[in-house]
1. From other protein chains only, count the Cβ atoms within 10 Å of every residue's Cβ in A:209-216, then give the mean.
2. What is the order of B:ASP81, B:ASP96, fewest Cβ neighbours within 10 Å to most?
3. Just to verify a number: FRET efficiency for B:ASP204 and B:LEU229, C-beta to C-beta distance, R0 = 22 Å, to 0.05?
4. Calculate the mean, over all residues of peptide B:284-291, of how many other protein chain Cβ atoms lie within 10 angstrom of the residue's Cβ.
5. Just grab the label-to-label distance for B:PHE71 and B:PHE141, each label 7 Å out from Cα along the Cβ direction, in nm (one decimal).
6. Taking B:LYS133 as the anchor, which aspartates and glutamates have their alpha carbon closer than 18 Å to its alpha carbon, excluding any fewer than eight residues away along the same chain?
7. In a Gaussian network model over chain A where Cα atoms closer than 10 Å are linked, find which of A:THR162, A:THR85, A:THR240 has the largest mean-square fluctuation.
8. Measure off 7 Å from each Cα along the Cα-to-Cβ vector at A:SER160 and A:VAL104, then give the distance between these two points in nanometres to one decimal.
Amino acid sequence: MQGAIRTKKIRSGKRISRKASSNLFVLSVVWYPLVLFLIFWVGVNFNSILLAFQSVNVDGSRQFVGFDNFVAFCKNAFSMQGSGTQLMYSFRNSLIKYAVSVVVCMPLYLIFSYQIYKKCFLHETIRAISMVPSIISGYVISLLFVNFIQVGGPLYYVMSKTGHEWFSLLYPTINGKSPWIALATSIIYTIWLSFSTNLLVYPNAMNSISPDIRDAAKIDGVNNGFTDLRYIVLPLIFPTIETFLITGLSGIFMDVGPLIEFYYLSAPDYASYVGYYYQVQVLTGNVSQYGLLAAGGLILTAITAPLVFLLKWCCDKFGPSTDAGGDK
Amino acid sequence: MTRLALGVALKQKPRHTHYHRKITPVVVLDEIVKWLIWVVMIVYSLSLLILPIWMILSSFRDIYSYNLNPFAWPEQWGYFDNYRVAYENLKVRLTDGTTYNFFQLALFSLIWSVMNPLITNFFTLLMAYVICKYKFPGRKFLYNFGIVLMIIPIIGSLPSAMMVKKALGIYDNMFLMLLTSPVGCFSGFGFLLFYGAFKSMPWDYAEAVFVDGGGHWQAFLRCYFPMVLPIFMVQIVLGFIGSWNDYSTFMLWLPSTPNLAYGLYLFQENATGVANSNVVEILAGFSIVIIPTVILYFASHRLINSNFMIGGIKG
């Protein structure tokens with residue numbers, strides 16, 4: 001990449017080799033991020049592994065407890081009693097949420113993005129409006145949504161005016177409704193807001209497809225949206241799709257969803273996600289649970305990591321391969 | 001079909017050739033589906049506007065008329081009382097008695113929103129540059145490890161991170177939080193974005209700078225940084241918007257220096273907010289807080305739309 005080692009004169013009059021100055025430059029850039037990484041990634045995760053085998057007292061002192069935390073977490077995870085209830089529901093809900101995002105959301109993102117890529121009528125406007133949740137904050141939208149559906153809000157007003165019985169979408173069991181309504185509300189809400197980044201990324205990936213390929217495809221008989229999307233666009237943007245699939249699976253148990261905005265720290269068990277469960281435990285300052293949480297984290301990582309690598313392997317092995325266009 | 005298409009493409013057919021489209025049942029069905037999807041997209045887009053429009057309209061109404069009908073238009077557009085009350089009440093009182101007013105909350109927001117993306121993206125940019133353009137021991141390892149970091153799920157390290165940050169005095173210290181923000185800056189979408197950009201730039205520019213007596217920093221700052229500036233600016237703008245709206249960092253790591261987003265949350269919840277406020281005042285508060293990000297987005301949306309692209313993750 002660089003030429004042969006030469007020398008250059010520096011202001012002090014000394015001569016140093018190009019290689020040495022290059023190494024100095026690299027060192028001046030990488031040392032700080034690497035130190036931060038060693039402390040806040042390696043150190044934090046090493047400490048987390050240690051925590052998994054320890055119990056933490058209220059005063060911060062720790063005791064070695066062997067595999068007790070792992071056993072307790074597993075018992076909790078498969079129990080519908082006590083603190084296990086929330087954890088059990090959290091697992092179920094996190095899995096459902098990921099499944100919905102892959103089966104329902106991703107096809108919708110691709111279909112919508114394809115229409116924008118094909119420059120449908122008002123495509124710029126649609127794209128700009130889809131960014132609204134990101135611009136004015138998903139957080140503000142969440143709070144608006146809560147105000148919108150609560151007692152006295154517009155939804156309540158419409159339902160009472162039309163003679164329908166109003167019930168809480170966030171706490172449906174209070175009104176004798178199914179707890180699934182709360183989960184459905186948070187999932188539908190997440191889907192509703194999730195288009196912004198996707199309608200930015202996928203059309204841009206589609207735009208990177210070479211015009212030559214498009215012309216060639218037309219000659220080959222690709223004359224409608226179905227075949228174009230199936231045989232030309234999807235294979236060429238597959239690297240982008242793969243990235244979203246993999247990072248989505250990777251974050252399956254870290255996703256908090258909109259629950260902090262909806263419920264702060266008091267979401268009902270049946271609406272919880274694993275990411276939310278962890279965040280609440282830390283926010284409530286429950287130090288005695290840290291060992292249990294760390295052990296649970298190791299177990300969940302051990303389950304998720306192989307799945308992520310398996311998915312990546314499957315995508316690389318069975319996904320469409322391209323040698324032109326796209327950004328693979 | 002793709003292979004065939006690629007093969008033909010290599011023969012360099014002239015672009016923008018007009019092809020006659022035969023009207024077949026599939027083509028008709030394709031048109032019908034296209035317009036049906038378009039209708040769904042329009043309905044979806046309109047649904048996204050309902051909440052912001054409702055927020056703005058309601059923020060100009062008094063609470064009595066709102067209670068009678070939360071969907072009505074404002075009786076008078078010059079009714080700014082809710083904004084005045086929101087501005088006065090948008091305060092946060094901490095458990096130790098310290099109270100922050102609107103301007104102090106906005107200052108914390110501004111510091112965090114400007115500095116956090118700037119520091120993080122600057123280090124990400126530098127790491128992408130040296131990993132892409134320089135040969136040094138561990139370069140390939142860093143790149144591959146960065147990819148692995150993106151896909152490997154590390155779950156449950158939050159309690160440990162809390163303990164480490166408290167032990168090092170970083171917890172609840174905005175200055176140190178900012179300084180330590182570029183953790184893992186050789187990983188993530190931003191890194192890949194910069195790396196891809198540098199990959200497409202030849203090394204000849206740097207050689208020219210060296211011939212002129214310049215150093216490595218000069219080569220980076222004079223040649224490569226200007227070329228990657230549009231992508232850098234997109235990352236900064238998106239980072240600013242994200243940081244301005246970020247309340248969870250303040251809730252979790254910086255509870256003593258609340259920003260506007262976190263203050264707004266407390267304001268809405270009345271959990272530790274100073275004053276009780278009604279719905280229309282809360283909606284006016286929301287309207288005030290979103291002004292900077294809305295202006296910033298509309299000033300830079302063309303830049304964002306054209307420069308934000310995510311490719312594959314290849315380790």
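No value in this document is a laboratory result; all are computed from the given coordinates. For clarity, every value in this text was computed on a predicted model and none was experimentally measured. So basically every Cβ, Gly included, is an ideal-geometry build from the backbone, and we count neighbours across all protein chains shown.
1. Average per residue, whole number: 6.
2. Taking fewest neighbouring Cβ atoms as first place, the list is B:ASP96, B:ASP81.
3. 0.70
4. On the way: counts 0, 2, 8, 2, 0, 4, 6, 1.
Counting other chains' Cβ atoms within 10 Å and averaging over B:284-291 gives 3.
5. About 6.4 nm separates the two model spin labels.
6. B:ASP204, B:GLU207
7. Ranking A:THR162, A:THR85, A:THR240 by mean-square fluctuation puts A:THR162 first.
8. Result: 3.0 nm between the two label points.
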